[in-house]
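Only one structure is covered here, and it is reproduced in the block below.
The values are calculated or read from the model by the stated rules, or taken from the named source; none is laboratory data. Bear in mind the structure is a predicted one, so any value in this text is a computation, not a measurement. Here Cβ is always computed from backbone atoms with ideal geometry, including for glycine, and neighbour counts include all displayed protein chains. The accessibility values were calculated without ligands, DNA or RNA, using every heavy atom of the protein model including side chains. Shrake-Rupley method; radii C 1.70, N 1.55, O 1.52, S 1.80 Å.
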Amino acid sequence: MATEAIAALVDVKDEQGNMLGRVNPGDTKTQALERVGRSGRLFDKNSLGLLGQDHITLEKGPYLFKEEIPPQQNVRYRSTFHGLKRNAAVLEKVGGIDFEGLIENDHAAALECISKLPYSGRFPDSSYCSPYTFGATYNEEVTKKLLRNAKNEIISSMRSAGPQPQDGDSRSPLVIGLRLGSGCGKTHLLLNAPAWLGSTGFHVTYNQGQDLAMDRKKPKQAILLRILLRSHGVSNLGCAVFLNSEQTSQWFLACNEFTLIKLVVYRLKELRTSIVIGVDELRNLSGDAGAHQDAVRLTASVLGQLVADFYKETSQPCTILLSSLTATSFTSVSDRRLKMIEPPQFDEGTIDFIIRGANGEGGVDVKQKAAILGCSGYHIRSIVQSAETYLRIGGAISTVKGILNQTVDRMKTNISTTDYHLVRKYIVEACRSGTVPGLDNVAVELLVDGKGALPPAIVCLVCGQPAGNIFENTFHTDAPTQLEMTAMQYDLFRAQYELPVIPTSMTVVADNDDATWFNDLRFCNAYEQKSESLLKTEKGGNLVSTGLLLCRGAY
């Protein structure tokens, strides 16, 4: 009986042949879609579309589910259908499409070809900030002003530039660059820039585990096709699938980039607004050790050309922002410089801002703020992660290190274990010299902020103990004891790496003009903590010796 009941049901599948579920014969189309949890269109085995009250039958199954085409795309499909028919002779070319010729003859039909090309996979648009998108921006007005000034500077340069820029040109920048360390707010800025500038915006990114083979092989054509697809709502992951399909490489990536620029300008012009395009995570495009750095330079060059051509055609700005973790990403093949901007640095007010945003408009508890600052420094992702963890566990001050461990778990995905020694070298040199070292390796550049600072979680991750013990303070102890314990752990940390007591950036002035003794001082790498004091306070407040003598290894 059970087998007969199952056999009497009708299959519903998607366009890739995946089973979505089974429905009852006699169900209406509306009921069937409700059963499989979908909203869209149903077609029987003869490709006849069902209307709302049409009934499901065994004879006409299995049924095919297709997603609904958004209304604005329906209009575009109708308007370009005749263009496709007019260019039927042009479309056929040795088993493929003469896409370049089609663009020259009919921009609308060319856009239709891209939208109709079958490529597998529909993905949600996973543009996000991690651990979650924060709904407001610290120093937002200052950041808006920076962006507006950069945009206006580029517009002004295009008005006075005369002929259009070509390769080999080193005039004013056309594209805005943003270099901040991992977790310092790049993606947040790119996602919010369109609204801040009152423009239509698209976010293109090279992360999310995408296959970037064609982006590296044909970088100019690939970024232009990504912009076209993003403007029609295709996700970044969907763009990668499109670019790596056989048809795409044969037909679309073979086009001259200047021809594709014409099509992109035509598409963006349809929107009748100024445009902002954020291109994120260029570092991923360049690959390990910068093996594909030329692809990044070519991408920057073609985007500059798009900015200039769109402005020439529409007198509207197309503002393009490139973000990367490394400075080498911000050059074009012509060495045309980018307009670099640096958002306001984060400070103690950032913590107030984040906590209030997550915890309501009430005041910020002093101990709560101190705990989060200790776990985060002024690193924005660490602040957000620490605040979120802190509030989720109920704000228990005794879990400061627990909060830090949560942040370490989140941040460790940003660094390869093979690079730990490079980051340690940077930390040790900073402690040795007392200054910010130069960024001589990419592993560090990926992590530091604009001031050269590393997140505390990264320091603990790559250095282990005793660096981690610096954060053992629970804020239950009195201030002098807490300071003493923190200093002891820092001394042990410096002893572990044989660091000098006197940073090399400091000048020692000695009575006998011999500073060697001071500069050669090193910390002992093993301490025994003593409860006895070297000094005591007498009646009247005078400090006197207890009679104990200094000895090596005693703290």
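Residues in the range 185-199 carry Karplus couplings, in order, of x, 5, 5, 4, 5, 5, 6, 8, 4, x, 5, 5, 9, x, 10 Hz; the curve used is 6.51 cos²θ - 1.76 cosθ + 1.60 with θ = phi - 60°, and Gly or Pro positions show x. Computed from label points 7 Å out along Cα-Cβ, the spacing between Trp517 and Ser416 is 4.9 nm.
Accessible area per residue (1.4 Å probe, heavy atoms of protein chains only) ranks Leu303, Leu535 as Leu535, Leu303, with the largest value leading. Within the range 195-292, the trypsin sites (Lys or Arg not before Pro) that combine a DSSP coil assignment with at most 10 other C-beta atoms in a 10 angstrom radius are Arg272.
The protection proxy used here, the mean number of other Cβ atoms lying within 10 Å of each residue, ranks peptides 43-55, 13-25 as follows, highest first: 13-25, 43-55.
Set the Förster distance to 56 Å, then compute FRET efficiency between Cys431 and Glu34 from the Cβ-Cβ distance, nearest 0.05. After rounding, the FRET efficiency stands at 0.30. Close amide H contacts of Tyr555 (hydrogens built in the peptide plane, cut-off under 5 Å, sequence separation of 5 or more or a different chain): Glu528, Gln529, Lys530. Pairs over the 28 Å Cα-Cα cut-off, from the set Lys217/Lys262; Lys369/Lys412; Lys145/Lys412: Lys145/Lys412.
Shown here for the range 458-555: GluC sites (Glu not before Pro) in loop regions (DSSP other than H, G, I, E, B) with at most 12 other Cβ atoms within 10 Å, namely Glu498, Glu532, Glu538. Take the Cα of Thr504, step 7 Å toward its Cβ, do the same at Ala291, and the gap between the two points is 3.4 nm.
The listed residues Lys145, Lys60 rank as Lys145, Lys60 when sorted by accessible area, largest first, using a 1.4 Å probe.
Taking 7 Å steps out from each Cα toward its Cβ at Thr537 and Asp352 produces label points 3.3 nm apart. Taking 19 Å as the straight-line reach from the Cα of Lys13, the lysines in range (excluding those fewer than 8 positions away in the same chain) are Lys29, Lys45, Lys60, Lys66.
In the context of the full protein assembly, Leu58 retains an accessible surface of approximately 90 Å², using a probe radius of 1.4 Å and ignoring ligands and nucleic acids. Less than 5 angstrom separates the built amide H of Val276 from those of Thr200, Gly201, Phe202, Thr319, all sequence-distant by 5 or more or on a different chain. At full extension, Gln529 and Ser172 could sit 122.4 nm farther apart than now, given 0.36 nm per residue minus the alpha carbon distance. Applying both filters, DSSP loop and at most 10 other Cβ atoms within 10 Å, to the trypsin sites (Lys or Arg not before Pro) of the range 465-555 gives Lys539, Arg552. List the lysines whose Cα lies under 21 Å from the Cα of Lys536, skipping any in the same chain that are fewer than 8 positions away. Lys536 reaches no qualifying lysines.
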